[in-house]
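Data block below; observations after.
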Amino acid sequence: MATAVLLGGMIPGAQAAPGVQKIEAELAYTCDFPEGPQPVEAVVTAEIPGSARAGEVIQPEGVSVELAFPEAVPAELARAGAATVSAEARLSVGVAQEGQEARAEWNLRTGEPVPLPEAGGLTLTTSGSVPYVKPGASGELHLDASALSVELALKQAGGAPAEPPDTTVECTPDAEQETGLATVEVGGADGEGASEPAPSETWPGQEEETPGEAAPEVGVGARPKASAADVPPCTGDPEDAANMVAYVTGYANVTKLDGATRFPVACGNITQGAQWPSMEDGVLHFYQYSTVDLEYRGKPQLPPASGTFLTFGFMPTTATLEMTQIPTGTDADGVRIPNIESDLAILPTSSQNRTTITLDLMLRLRDVEVNGVPLDVGSNCRTSKPFKLTLEGLGTWGPDGLVGYTLVSGGELTGSVTIPPFSGCGATEDLDDIFTASLSGVPNYVKQVQGAPCASANGADPAFCTPDYQPVDIPEAAR
């Protein structure tokens, strides 16, 4: 049975066929909480075309999952010191057509943190963009809900992370219930009405097909600009004039797998250093050393990203990637060691700016599935040592103004990273060599896009900041 799985967000311009159908599915799950299993109700809503043609993109819209937890859950969270909670939900959706199967991961999140109720149950509503589906042949296309994973982020009354700061629960759909979400009638392609999506910009899916049948493709083209509900909090320090906060997102290629994954929008907390001039070979340079720390729910990391790749070129493997930064230390004077170097060169007719950002990172893999079957990699499957990601941005001021990147305006940064061997992978067997062979050892291209920062020195300028000093500019990932 051929399987094709590509992961990503929604694509612009995907047109719903006439006769949009509404998904309203009430599903019962059992979730494995630390103090024992709990029943959780999930109400899935969305809109999807009722019919399409082979080769057309089918894009679910208005997707949300409302999670209803029993009274025991908020009581348990409150005992851990939590006052508010927010959630990320990952709903696995099976896509089947004419004996062919694929899997989509619907990654959804809440907006602002929700106060825990003093009594009664807890309801959290998650929403977001989800992968498109492109049927490869005619015949009924079925979407069915399956496993659900929920990560709850917990904060104390003052806004500080609770202890522990988060908890992740795995949920299994209760047996003997209908888990179907939608059925789309797919006709043959006529060469005229089919809309062709933008080229895929995520991990490659399996291209193998059986004669006369084509596996449905699940994937993404260019993702539209994210909304404020799609990004994590990113609040600056109005008391620190050197502080800036900016959103960043982008893609990282994996050379061995001939594919790439998109990392969700993340927060960068920047502390600008002092500038000083230097005359070199008749050119005046202004140098500045600054520091950036990634932030996601109180941790120095990027938001978790889901990726699907073909291990050894044929076996579809899905995993959640967690990229954690190792912050720089301090020097003998107690000053943070910088990881950003900016060089502004003043030339006769223009000025050129070169910015180099270096991050020390660790990569962890979790929630691994091979051909749709969970693979227990344990809780410590990660790179055997830290590795460096070096990004460079170039900007030029000329007669037409600024073109390119600067730290204070944002823009595109490019670079490369070499992933070390993996260690600690496998709960009952050693899987280190499998992930090392698939991911490690060769340079991988990285392209990140930084939005315009919110600078505390400028006050809550509405052109760049929300009233609570969060960035207004939410960048789009680009390849």
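Over the range 399-438, what lengths in whole Å, largest first, do the semi-axes of the equivalent ellipsoid take, defined as the square roots of 5 times the eigenvalues of the alpha-carbon gyration tensor?
Three semi-axes, in Å: 44, 10, 6.
Between the range 271-299 and the range 19-69, how far is it from one alpha carbon centroid to the other, in angstrom?
46
Quick one: in the range 104-159, what % of C-alpha pairs are over 19 Å apart?
Here the tail beyond 19 Å accounts for 51 percent of pairs.
How charged is the neighbourhood of THR318? Take every other residue with its Cβ under 10 Å from the Cβ of THR318, and add Lys/Arg as +1 and Asp/Glu as -1.
Details: positive: ARG103; negative: GLU105, ASP367, GLU369.
Summing Lys/Arg as +1 and Asp/Glu as -1 gives -2.
Can you give the charge dipole size of the range 20-195 about its Cα centre, rounded to the nearest 20 debye, using +1 on the beta carbon of Lys and Arg and -1 on the beta carbon of Asp and Glu?
Result for the range 20-195 is approximately 440 debye, rounded to the nearest 20.
In nanometres, what is the gap between the two model label sites at ASN458 and GLN21, each 7 Å from Cα along Cα-to-Cβ?
In this crude spin-label approximation the distance works out to 4.9 nm.
Long-range amide H contacts for CYS425: which residues qualify at under 5 Å (H placed 1.01 Å from N, peptide plane, sequence gap of 5 or more or a different chain)?
The list, which skips near neighbours in sequence, is ARG382, LEU431, ASP432.
Give me, ordered by chain and number, the residues 5 or more places off LEU116 or on other chains with an amide H under 5 Å from its own placed amide H.
THR84, VAL85
Taking only the C-alpha atoms, wrap a convex hull around the range 64-140 and report its volume per residue in Å³ as a whole number.
Values: hull volume 7.9 nm³, N = 77.
Measuring per residue, one finds 103 Å³ for the Cα hull of the range 64-140.
Just list whichever of LYS385/LYS447; LYS155/LYS447; LYS134/LYS299; LYS134/LYS385; LYS22/LYS134 have alpha carbons separated by over 30 Å in the model shown.
LYS155/LYS447; LYS134/LYS299; LYS134/LYS385
Contact order normalised by length for the range 20-195, with contacts defined as Cα pairs under 8 Å and 6 or more residues apart; what percent is it?
So the answer I get is 29 percent.
Compute, for the range 228-458, the length of the dipole vector about the Cα centre, with Cβ point charges of +1 (Lys, Arg) and -1 (Asp, Glu) only. Units Debye, rounded to 20.
On the way: 12 positive and 25 negative charges, 62 e Å.
For this selection, approximately 300 debye.
Given the C-alpha atoms of the range 20-195, compute the convex hull and give its volume per residue in Å³.
Working: hull volume 19.2 nm³, N = 176.
Spread over its residues, the Cα hull of the range 20-195 gives 109 Å³ apiece.
Quick one: pull the percentage of alpha-carbon pairs in the range 326-479 with a separation above 19 Å.
Distances greater than 19 Å cover 69 percent of the Cα pairs.
Roughly what would the spin-label model give for THR418 and THR172, points 7 Å off Cα along C-beta, in nm?
It is 4.4 nm.
Take every Cα-Cα distance within the range 228-458, group them into 10 Å bins from 0 onward, and report for each bin the whole-number percent of pairs it holds.
Bin by bin from 0 Å, the calculated values are 7, 29, 31, 20, 10, 3, 0.
FYI, it's all coordinate maths here, none of it is from the lab. Quick caveat, the model's predicted, so the values are computed rather than measured. Positions of Cβ are backbone-derived with ideal geometry, glycine not excepted, and every protein chain shown enters the neighbour counts.
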